[in-house]
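Accompanying notes for the structure given below.
Derivation of every value follows stated rules applied to the coordinates shown; laboratory data play no part. No experiment lies behind these values; they were computed from the predicted model shown. No Cβ is skipped: glycine too gets one built from the backbone with ideal geometry, and neighbour counts run over all protein chains shown.
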Amino acid sequence: MSAPASNPAQLLDALSEAVESGAGLPAITRAAARVMEASLMLLDRAEAVLALADVSAAQERALLGKRAGVEVLELRVADEPVGELRYVSVEGGEVSLSVRRIVVTLLALELERSRGPEIASEEVARDFVRAVLARSVTDRDDIVARASGLGIAVSDGAGILVVRAVPTSAQTIDWRARLLALVERTLRSLGRGAIAALLEAHEGPRHEGDVAELAAIIPAPEPALIAKAANALSLEAPESMPTFTITIGFSRIAADPADLYRAGREAMLATNVAAAEGNAVLAFEATGSYRLLLPAMSEDPSELEAFYKETAHPLVLYDEQYETDLLATVEAYLDCDGNVTPTAAKMFTHRHTIRYRLERVRELTGHDLTSTEGREKLGLGIKSMRVLGIARRRGPAQEDGAAGAALRNPRAPGD
């Protein structure tokens, strides 16, 4: 720890000079530590550590974990959070509120200023990734040139990786920015140039509640390289974001940059299927028969939506309203090759209940699961639902605080 100063005004002058001279965040943080007579940790809004000052190994662990004795100050510019300052005061050291406010303001402004080029780069990368996925940029030379301007070479081949994050508990920080930082940091650690961007809500899955989705374009002339990136993320994500469900899907290699749109559709399909089937990571090539639905998903998803509405949608609505398991029963029945007895064992219920549910399915959809055609149509309807990324929503009887029993239909099948 630096020796406490006897003249706070001189220290504030030194801090101001460090800011004005463009000394950089580490030097400015050290100057701030002397003013506050404290060990400091400066973090960005994604909670990535940017600078440390007068911090021992033990203090670093305490600051990272926000342990007892650690003070936390939010850094804001124009009411927009830009980062965080964590500190541990030297024993007996105190800093006035006015001095602390000056330090926080200077650090916030410097942090925002230093992020200027980064923000501009993020915006360009985001716009490019979204343009590729939306097929609003299709010319090969244009794609190559714009990618080169962002520091990546896609002319020898590239793939697309999609990451979906769903929080499993309430979140108080800007976790979407943290997700982006995690993906960028992991991809950089592999030595592969890559650009990533968060997608707009309407570009992502049709999912109830809080959800974020990110797409990354990864130069990869060989399939093993993008698979390595996906696997590295699947290992890092649970450690860095333990209170989230993370799903990763990735495409085949697009040898021609003009095919990156197709690669984006492949990655999205793989992510949707992985999420529906409970997989952490899935390659497009491992999606089996789902691959046959890619053209419909890419070229005319409205047709796929219409087929879903004619088949599985009535079952989804019924399950939501009455808290039944018709859709799950259909899936189990199809998995058991149309055999009632193993279906009943799989669903932990009686054979008569399964037969009752199958009859209810026929009444709601018009498709008879005891026939080959009925099984094919409903099976394809469920696949369409998964490919489109349509998540099962909770019914009103399952919402917190709802009186479920009052909403149940007397005719709905019981378990």
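As a proxy for reagent exposure, ranking F284, F307, F348 by other Cβ atoms within 10 Å from fewest up yields F348, F307, F284.
Indicate the gyration tensor shape class of the stretch 9-92 (rounded, prolate or oblate), computed on the Cα atoms with a ≥ b ≥ c the square roots of the eigenvalues: a/c under 1.5 is rounded; otherwise a/b larger than b/c is prolate and the rest oblate.
On the way: a/c = 1.75, a/b = 1.19, b/c = 1.47.
Judged from the Cα gyration tensor, the stretch 9-92 comes out oblate (a/c at least 1.5, b/c at or above a/b).
Candidate values [x] 19.3; [y] 24.1; [z] 25.2 were compared with mean projected area of the Cα convex hull in nm² computed on the shown model; the agreeing label is [z].
For the residue pairs K346/K383; K309/K383; K309/K346, the alpha carbons lie more than 22 Å apart in K309/K346.
Quote to one decimal, in nm, the extra length available between A134 and K66 on full extension: 0.36 nm per residue of separation minus the C-alpha distance between them.
Numbers: separation 68, 0.36 × 68 = 24.48 nm, distance 4.17 nm.
20.3 nm is the gain from fully extending A134 to K66.
Helix 25-36 and the longest principal axis of the C-alpha atoms of the chain enclose an angle of approximately 60°.
With respect to the chain, whose longest principal axis is taken over its alpha-carbon atoms, helix 326-335 is tilted by about 80°. Legend: calculated FRET efficiency, E303 to A232, from the Cβ-Cβ distance at R0 = 25 Å, rounded to 0.05, equals 0.10. Using 1/(1 + (r/R0)^6) with R0 = 56 angstrom and r between the beta carbons of E200 and H352, what's the FRET efficiency to the nearest 0.05? After rounding to 0.05, the efficiency reads 0.70. The stretch between T105 and R291 holds 61.6 nm of extra length on full extension. This uses 0.36 nm per residue minus the Cα-Cα distance. With contacts taken as Cα pairs under 8 Å and at least 6 residues apart, the chain reaches a relative contact order of 12 percent. Among E112, E376, sorting on how many other beta-carbon atoms sit within 10 Å of each Cβ, with the fewest leading, yields E376, E112. According to the square roots a ≥ b ≥ c of the eigenvalues of the Cα gyration tensor, what is the shape class of the stretch 118-290, taking rounded for a/c under 1.5, prolate for a/b larger than b/c otherwise, and oblate for the remainder? Prolate, since a/c reaches 1.5 and a/b exceeds b/c. Here the Gaussian network model covers the chain, with springs between Cα atoms less than 10 Å apart; of G193, G159, G24, G24 fluctuates the most. Model label points for E74 and E376, set 7 angstrom from Cα along the Cα-to-Cβ axis, are 5.8 nm apart.
Quick one: compute the contact order of the stretch 178-331, relative version, from alpha carbon pairs under 8 angstrom and 6+ residues apart, as a percent. Provide the component values of the computation, followed by the final result.
Details: 161 pairs, mean separation 21.9, N = 154.
After rounding, I find 14 percent.
Could you tell me the calculated FRET efficiency between N339 and N279, based on Cβ-Cβ distance and R0 = 35 angstrom, to the nearest 0.05? Once the sixth-power term is evaluated, E becomes 0.85.
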